[in-house]
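One structure below.
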Amino acid sequence: MRLAWFTPLAPVRSGIASYSAMVLPALAAHHDIALFVGDDVWAARRSEARVGTDGFAAVASPWGPIRSAYDFAPLHHARPFDLVVYQLGNAGCHDHMWAYLTHYPGLVVLHDAQLHQSRAHALIARGRADDLRAELRFGHPDTPPGVAEWILAGLGNPGAPIWPLTAVPLAAARAVAVHFPALAADLRETWPGLDVHVIRHGSPDLQRPKESPGASPGASPGDAPGDAPGAAPGASVTFAAFGLVTQEKRVPQMLRALAAIRGAVPHVRLRLVGGVTPHYDVLADARAHGVDDLVEVTGWIGDDAFDRAIVESDVCLCLRWPTNREASGPWLRALAAGKPTVVNDLVHLVDLPTLDPRTWEVQVASPAAADATRVWRREEAIAVSIDILDEDHSLAIAMRRLALDAGLRAGLGAAARRHWAAGHTVEHMAADYERAIAAAAAAPADPGRPLPPHATSDGTTLARRLAGQVGVAVDFL
């Protein structure tokens with residue numbers, strides 16, 4: 001099948017760029033794929049491009065030619081693609097996709113349950129206030145009129161989960177894919193008739209060989225080298241968090257917990273693996289809590305170094321609030337590495353067995369009837385989960401216990417590894433993609449759902465009007 005794949009790619013620093021690079025090799029073995037990127041990627045890669053026999057420039061890649069999104073329409077007109085796949089997320093590196101997904105409906109892979117911040121920012125930055133009002137009315141017809149003005153004034157961020165601004169891509173799609181069953185069920189309920197698929201987020205195998213240098217022969221996948229179950233409580237333990245260092249990753253809460261436990265765990269460390277932002281001075285915050293001597297900030301690092309950092313950590317802190325109900329790539333990679341992890345108790349994760357650090361009992365809210373009366377064993381828990389309403393207290397308890405209890409770390413790491421192997425390998429993800437691609441390609445090319453007028457405009461209104469004034473009729477591609 002010929003696929004047009006709209007996605008961010010390196011050198012853009014995007015989790016979805018890494019996600020595409022992870023799954024494309026498996027799909028390219030069975031499909032003819034062309035990758036279409038925005039100006040940010042194309043500007044960085046243009047010097048590598050060569051003009052092909054079709055007359056258009058492309059950058060060679062192992063998965064298929066990388067092309068400017070601007071070239072999609074003429075290429076599709078000359079030789080139609082069987083399906084367009086849009087990797088859509090809540091970041092500016094996806095802005096270029098919106099102009100295409102309404103004119104060329106395809107499979108929309110919705111990585112975030114809300115797109116409010118990126119879509120509102122894109123429309124406001126381009127002076128498209130009326131289009132923002134129209135999209136808000138289209139997706140949320142009961143919203144009071146003043147909300148649009150509130151968003152236009154730059155105050156809408158707290159309302160993002162209430163007004164997710166996803167209606168246009170959902171209405172335009174031939175099919176939609178998300179990463180969690182609970183979100184898929186919500187979309188089907190909200191959008192009757194919408195074909196929604198679940199594509200499990202995968203990860204490559206990050207686990208080190210059992211007989212790696214410095215590791216004990218029989219060490220559990222969750223153990224650090226030389227840190228077998230029952231290791232001395234004074235052994236050094238490194239907690240690590242991954243991705244952009246922001247308050248949303250709950251870094252301030254990590255620093256407070258670190259300060260609370262340093263007396264009980266004198267050799268504890270916190271490693272923050274990711275870039276920093278102008279609006280949060282993490283080192284100043286660490287100094288304010290008296291833990292700057294325990295904290296390392298790596299800055300942005302490449303994918304291979306990122307994976308090594310996960311493997312080298314003892315416990316991975318994969319926290320996020322507020323949430324876009326997204327799948328955490330670093331968390332999945334930590335599970336693949338057999339690492340104990342700490343997550344927030346989020347609505348899209350409640351069907352997974354996790355430990356509540358206040359009781360160290362398993363909590364799970366699985367909708368499956370077979371699980372209703374099931375008694376879950378502690379060794380089945382795949383992570384420790386933190387109640388957002390008791391975050392500081394629970395996180396300090398969790399970090400202290402995980403730092404001191406190597407056996408608990410080993411057990412959680414082993415369960416994490418089993419969970420990854422059972423459903424989150426790259427092979428699982430590729431198989432889910434094949435099913436979603438087949439279903440989307442078989443769906444009607446025009447979903448037939450109404451869209452706001454600006455979403456279907458071809459951008460030639462002004463040109464047509466000017467041409468008409470001199471008696472010229474123009475037929476644009």
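Some points to look at:
- Simple point charges give the picture: +1 on the Cβ of Lys and Arg, -1 on the Cβ of Asp and Glu, and for the chain a dipole about the Cα centre of about 260 debye.
- One decimal place: the segment V297-L283 gains 4.2 nm when fully extended, by the rule 0.36 nm per residue minus the C-alpha distance.
- The chain, accessible surface, carbon-and-sulfur percent (1.4 angstrom probe): 57
- When the trypsin sites (Lys or Arg not before Pro) in region 333-417 are filtered for DSSP coil states and for at most 11 other beta-carbon atoms within 10 Å of their beta-carbon, the remaining sites are R377.
- Full extension of the segment from R79 to A431, taken as 0.36 nm per residue of separation minus the current Cα-Cα distance, would add 124.0 nm.
- Mean separation of Cα contacts under 8 Å, 6 or more apart, over the residue count of the chain: relative contact order %: 16
- Three-way shape label, region 16-56, alpha-carbon gyration tensor, a/c 1.5: oblate
- Prolate is the label for region 1-133, because the ratio a/c of its alpha-carbon gyration tensor axes (a ≥ b ≥ c) is 1.5 or higher and a/b is greater than b/c.
- FRET efficiency for A305 and S457, using Cβ-Cβ distance with R0 set to 35 Å, rounded to 0.05: 0.20
- Spin-label pair R46/T190, simplified geometry with 7 Å Cα→Cβ offset, distance in nm: 3.8
- Ligands, DNA and RNA aside, D392 has an accessible area near 70 Å² when probed at 1.4 Å.
- Per-residue [θ]222 nm for the chain (sum of -39500 (n - 2.57) over DSSP H runs n ≥ 4, rounded to 500): -10500 deg cm²/dmol
- Distant-in-sequence amide H partners of N344 (H built 1.01 Å from N, under 5 Å): R320, I386
- Most to least accessible of R133, R188 (protein chains only, probe 1.4 Å): R188, R133
- Extension gain from T359 to R13, taking 0.36 nm per residue of separation minus the Cα-Cα distance: 120.7 nm
- Ordered from largest to smallest accessible area (heavy atoms of protein chains, 1.4 Å probe), the residues T7, T53, T359 come out as T53, T359, T7.
- Surface per residue (accessible, 1.4 Å probe) for region 156-206, Å²: 36
- 1.4 Å probe accessible area per residue over region 1-152, in Å²: 42
- Whether the chain is rounded, prolate or oblate, judged on the alpha carbon gyration tensor where a/c under 1.5 counts as rounded: prolate
- R0 of 25 Å, Cβ-Cβ distance S61-E248: FRET efficiency to nearest 0.05: 0.20
The values are calculated or read from the model by the stated rules, or taken from the named source; none is laboratory data. Note that this is a predicted model, so its numbers are computed, not measured. Glycine also receives a Cβ, built like all others from the backbone with ideal geometry; neighbour counts cover every protein chain displayed. For accessibility, only protein heavy atoms count, side chains too; no ligands or nucleic acids. Shrake-Rupley method; radii C 1.70, N 1.55, O 1.52, S 1.80 Å.
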